[in-house]
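The structure under discussion appears below in the form of structure tokens.
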Amino acid sequence: MLVIMAKAPRQGAVKTRLAPSLSPAAVTDFYCCLLDDTLALAQSLGDVEVAIMCPDTDVNELARLAGSGASVVAQKGEGLAAGLTSVFAHFAEGHQRRTIAFNSDSPHLPRSVLEDAFETLAAYDVVVGPTHDGGYYLIGAKASHPTLLAGDGMGTSSALERFLLHARSLDLSVGFADPFYDIDVADDLTRLAAELRLAPARAPSTARWLKEWELATAQLKTGTGEL
């Protein structure tokens, strides 16, 4: 089971750390591209069932965007930690099946990373994919562990450390996926754009958006304008 953690693409609700660099409309458009390509990446695994976990208020909008490509499930509680806990409570509780949740802004992940994460999870209780800023972009488990993500400091530089401490306290074995970076700030856009210039087919919607963004940025005569 592969679950994308997503929100409906509404202005001011997604990728808020990009706001200083992009207009609210541009942020929303960019997020739509990320989600579209991330969904395609998830579906490319072929024999893996795909779902989206989201806040209750976003279910209908995301169901329209996903079409028949993924089931959309409302999380219980608010925030990302509650959403991730809901993933395993909903999909893994009583099933003992490998379930992996990952970020909706992950079109740059090679498919092999997700495939390897499922293989790693076969040998460990949980798997985690670290980010370079101290967080994580992916976690997986074969069962529900309700306290694993309690008060985990999601979105902080200590998120991964706290996750590992909780896993250790629950006596859970931990496997690791390859480290990657999140798409949070303007520098991340530049890095992703450089990658996708070389391989635009990996994330075609995102690659097209970034190409237009780079062209618009190059045309700005001062550093005070917005896209």
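Being at pLDDT below 95 and either touching a Gly at 6+ places or on another chain (Cβ under 8 Å) or not hydrophobic (A, V, I, L, M, F, W, C) (or both): is that true of residue 37 here? For residue 37, the condition - at pLDDT below 95 and either touching a Gly at 6+ places or on another chain (Cβ under 8 Å) or not hydrophobic (A, V, I, L, M, F, W, C) (or both) - is not met. Checking each residue in region 40-57 for being of a type outside the set (Gly, Ala, Ser), without any contact (Cβ under 8 Å) to a residue 60 or more places away in the chain and open to solvent by 10 Å² or more (accessible area, probe 1.4 Å) picks out 43, 47, 49, 50, 55, 56, 57. Looking at 120, 99, just one residue is open to solvent by less than 10 Å² (accessible area, probe 1.4 Å) and of a type in the set (Val, Ile, Thr), and that residue is 99.
Return a yes/no flag: does region 202-211 have any residue that is out of contact with any Phe, Trp or Tyr (no Cβ under 9 Å at 6 or more places or on another chain), surrounded by 14 or more Cβ atoms within 10 Å (Cβ to Cβ) and of a type in the set (Val, Ile, Thr). No; the residues of region 202-211 include none that is out of contact with any Phe, Trp or Tyr (no Cβ under 9 Å at 6 or more places or on another chain), surrounded by 14 or more Cβ atoms within 10 Å (Cβ to Cβ) and of a type in the set (Val, Ile, Thr).
Here residue 24 clears all of (1) open to solvent by less than 50 Å² (accessible area, probe 1.4 Å); (2) at pLDDT below 95 except the condition numbered (1).
Going residue by residue through region 171-193, is there one that turns out to be free of Cβ contacts under 8 Å to residues at least 24 places away in the same chain, in contact with a Leu (Cβ under 6 Å, 6 or more places away or on another chain) and of a type in the set (A, V, I, L, M)? Walk me through it before giving the result.
Here is the first cut: in region 171-193, the ones free of Cβ contacts under 8 Å to residues at least 24 places away in the same chain are 171, 187-188, 190-191, 193.
Cutting the leftovers down to in contact with a Leu (Cβ under 6 Å, 6 or more places away or on another chain) gives us 193.
Subsequent filtering for residues that are of a type in the set (A, V, I, L, M) retains 193.
Checked region 171-193: at least one residue is free of Cβ contacts under 8 Å to residues at least 24 places away in the same chain, in contact with a Leu (Cβ under 6 Å, 6 or more places away or on another chain) and of a type in the set (A, V, I, L, M).
In region 93-200, counting only strands (runs of 3 or more DSSP E) that sit wholly within it, the ones holding 1 or more residues that are hydroxyl-bearing (Ser, Thr, Tyr) and touching a Ser or Thr at 6+ places or on another chain (Cβ under 8 Å) span 136-141.
What are the residues in region 5-61 that are of a type in the set (Ser, Thr, Tyr) and outside any helix (DSSP H, G or I), if any?
Within region 5-61, 21, 23, 44 qualify.
Applying the set (1) over 21 Å from residue 89 (Cβ atoms); (2) touching a residue at least 24 places away in the same chain (Cβ under 8 Å); (3) not charged (D, E, K, R) to residue 112 leaves exactly one unmet item: (2).
The values are calculated or read from the model by the stated rules, or taken from the named source; none is laboratory data. Please read all numbers here as calculations on a predicted model, not as lab measurements. Cβ sites come from the backbone with ideal geometry, for glycine too, and all protein chains shown count toward neighbours. Accessible surface areas use protein heavy atoms only, side chains included; no ligands, DNA or RNA. Shrake-Rupley method; radii C 1.70, N 1.55, O 1.52, S 1.80 Å.
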